[in-house]
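**Q** Quick one: the structure is below, and I'll ask about it shortly.
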Amino acid sequence: MAETTLAAVKVAPGQTEIREFPLPDVPEDGALLKVEVAGICGSDVKMYGKPLPGNSVIMGHENVGYIAKAGRKFLERKGVAEGDLVFLEHYLPCMKCEWCHLGEYRHCEATDWHHNPAAIRYGYTSADAPPYLWGGFGRYLYLPWNAVLHKVPDGVTAELAGIGTPLANGIQWSLLDAGIGYGHKVLIQGPGQQGLAQVVAAKQAGADLVIVTGTSKDAKRLEVAKALGADYAIDVQQDDPLERVMEITSRKGVDFSIDCTAGAGTKALHLGVEALKRKAGVLVVQGNELPTFPDFPMERITLKYITIKSARGHSYRACELAMQQLGSHRFPLELATTHRFGLDDVDFAIKSVGGKGAQDVIHVSVMPWRESSAN
Ligand SMILES: [Zn+2]
Ligand SMILES: [Zn+2]
């Protein structure tokens, strides 16, 4: 193996450079992952514009790759072999707390950078911290003893496995957190990779009716939503979405409303509240875009006896179910893997996910070994 490796490094808000890093020695309980695919999600777009947690950071938290080199203890503990293709969770948890024992690494303090400045998490931790390789926008990633791996099923390509993170989130939020199941009616707002993953999870869980909303520029994504099993797609710029939902549901409303919009402000929550059935609907929200909410419809929420659930990553189980789902090939999720970029194009790739680059983007794969400027 070479002595050094390359990574695309965020060096300032909205600025990336290719840098060389030493390849670390692999201890008995650690390993190196040869990164095949690092997905980009909406949170990367937000993080990219923010100040750095140190001097530099290798972003990329949705990672799939091959175990390139591993210590004996690592292989024993993880039940993997060198050469295995694995999906890597971005959490690096303590493995001691109650959350960790439940497989809910997303809640572990050791990897919660919102709360703990010393937390380690792939794609967020500063590249100043040895052994530096903490992000997927690089050819190798360092896997310490507490890395959480899921084997990619045979017959699933690395690129398809790159959908693992949004799909695990879909399964977590729709199925495990909201409780969508047999016969339910579901409104999914926003047809990006995250919304589409909710479509798959809701359909697999047995939902009778799935309605997806988007804007006129989402025409392609809405088509993919239908190919993945959505029953109705609504362009909110052409139709009044609440009126359409009421028509479709014979004025009864939906059981669940899931917000997967980006940049829609407070509209998605208001629509969600009104589109829910008369009593006891469930609203899944993502609060990371709006720190405050003017005119929060508290009274409507109480009168309608609505439960609010917060979208927060995924559990171990959701990742396993996501891999199983991909292995089944029941849904044509290949339709969602739309764009591929090499390391040199990471800046453009992130901007494309933010709507300021390539067209009709759904899921973007950074492939660090790929020649750049190809697509
Ligand atoms: Zn993400
Ligand atoms: Zn823990």
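**Q** Using a/c under 1.5 as the rounded threshold, could you call region 1-66 rounded, prolate or oblate? The axes a ≥ b ≥ c are square roots of the C-alpha gyration tensor eigenvalues, and prolate needs a/b larger than b/c, oblate otherwise.
**A** Details: a/c = 2.22, a/b = 1.58, b/c = 1.41.
Here region 1-66 falls in the prolate category.
**Q** Oh, and also: Enumerate lysine pairs in region 152-294 that are 8 or more residues apart or on different chains, then count those whose Cα atoms are under 22 Å apart.
**A** 17
**Q** In addition: Counting Lys and Arg as +1 and Asp and Glu as -1, what is the net charge of the other residues whose Cβ lies under 12 Å from the Cβ of GLY327?
**A** Values: positive: LYS151, ARG330; negative: ASP154, GLU320.
For residues surrounding GLY327, the net value is 0.
**Q** How large is the dipole of region 97-217 about the Cα centre if only Lys and Arg carry +1 and Asp and Glu carry -1, each at its Cβ, rounded to the nearest 20 debye?
**A** 360
**Q** List the lysines whose Cα lies under 19 Å from the Cα of LYS151, skipping any in the same chain that are fewer than 8 positions away.
**A** Of all the lysines, those that pass the test against LYS151 - Cα under 19 Å, at least 8 places apart if same chain - are LYS34, LYS69, LYS73, LYS78.
**Q** Would you mind working out the magnitude of the charge dipole of region 219-375 relative to its Cα centre, with +1 at each Lys and Arg C-beta and -1 at each Asp and Glu C-beta, to the nearest 20 Debye? Write down the numbers at each step before the final one.
**A** On the way: 20 positive and 20 negative charges, 122 e Å.
The calculation lands at about 580 debye.
**Q** Can you figure out the FRET efficiency of ASP240 with ASP208, using R₀ = 22 Å and their beta-carbon distance, to the nearest 0.05? List each step's numbers first, then the result.
**A** Details: r = 23 Å, r/R0 = 1.05.
Step by step, r from the Cβ atoms, then E = 0.45.
**Q** What accessible area per residue, rounded to a whole number of Å², is obtained for the chain using a probe radius of 1.4 Å? Mind showing how you got there, number by number?
**A** Values: 16270 Å² over 375 residues.
Value returned for the chain: 43 Å² of accessible area per residue.
**Q** Here's a follow-up. For a Förster distance of 35 Å, can you work out the FRET efficiency between the beta-carbons of LYS220 and CYS97, rounded to the nearest 0.05? Intermediate results must be reported in sequence, preceding the final value.
**A** Details: r = 43 Å, r/R0 = 1.23.
About 0.25, to the nearest 0.05.
**Q** Which percent of the accessible heavy-atom area of the chain goes to carbon and sulfur, probe 1.4 angstrom?
**A** On the way: 8200 of 16270 Å².
Exposed carbon and sulfur together represent 50 percent of the surface.
**Q** Based on the alpha-carbon gyration tensor of region 12-139 and its eigenvalue square roots a ≥ b ≥ c, which shape applies: rounded if a/c is under 1.5, prolate if not and a/b is larger than b/c, or oblate? If you can, show how the numbers build up before the last one.
**A** Working: a/c = 1.73, a/b = 1.22, b/c = 1.42.
Oblate.
**Q** Apply the a/c threshold of 1.5 to the C-alpha gyration tensor of region 282-375 and tell me whether it is rounded, prolate or oblate.
**A** Working: a/c = 2.95, a/b = 1.64, b/c = 1.80.
Because a/c hits 1.5 or more and a/b fails to exceed b/c, region 282-375 counts as oblate.
**Q** Express the Stokes-Einstein translational diffusion coefficient of region 218-375 in µm² s⁻¹, to the nearest whole number, given a Kirkwood radius over alpha-carbon pairs, 25 °C and a viscosity of 0.890 mPa s. Walk me through the intermediate numbers first.
**A** Numbers: Rh = 18.3 Å.
Translational diffusion coefficient: 134 µm²/s.
**Q** With the Cα gyration tensor of the chain in hand, convert its eigenvalues to equivalent ellipsoid semi-axes via √(5λ) and list them largest first in whole Å.
**A** On the way: eigenvalues 251, 88, 78 Å².
Working through the eigenvalues yields semi-axes of 35, 21, 20 Å.
**Q** Another one. Using each residue's phi in region 62-74, evaluate 6.51 cos²θ - 1.76 cosθ + 1.60 at θ = phi - 60° and report the 3J(HN,Hα) Karplus result to the nearest Hz, with x for Gly and Pro.
**A** 10, 10, 9, x, 9, 5, 8, 7, 8, x, 4, 5, 4
**Q** Highest mean first, how do 233-244, 334-345, 291-302 rank when packing is the count of other Cβ atoms within 10 Å averaged over residues?
**A** Numbers: 233-244: 16.2, 334-345: 20.2, 291-302: 10.7.
Highest-to-lowest ranking by the protection proxy: 334-345, 233-244, 291-302.
**Q** Calculate the dipole size of the chain relative to its Cα centre from +1 charges on Lys and Arg beta carbons and -1 charges on Asp and Glu beta carbons; express the result in debye to the nearest 20.
**A** Working: 38 positive and 43 negative charges, 150 e Å.
Dipole about the Cα centre, nearest 20: 720 debye.
**Q** Grab the beta carbon distance between ASP344 and VAL11, set R0 = 22 Å, and tell me the FRET efficiency rounded to 0.05. Before the final figure, lay out each step's value.
**A** On the way: r = 15 Å, r/R0 = 0.67.
Efficiency at R0 = 22 Å is approximately 0.90.
**Q** At what distance in nm do the modelled label points of LYS50 and TRP369 sit from each other, each positioned 7 Å from its Cα along Cα→Cβ?
**A** It works out to 3.2 nm between the two label points.
The values are calculated or read from the model by the stated rules, or taken from the named source; none is laboratory data. Just so it is clear, the model here is predicted, and its values are computed rather than measured. We place every Cβ from the backbone using ideal geometry, glycine too, and count neighbours over all the protein chains shown. The accessibility values were calculated without ligands, DNA or RNA, using every heavy atom of the protein model including side chains. Shrake-Rupley method; radii C 1.70, N 1.55, O 1.52, S 1.80 Å.
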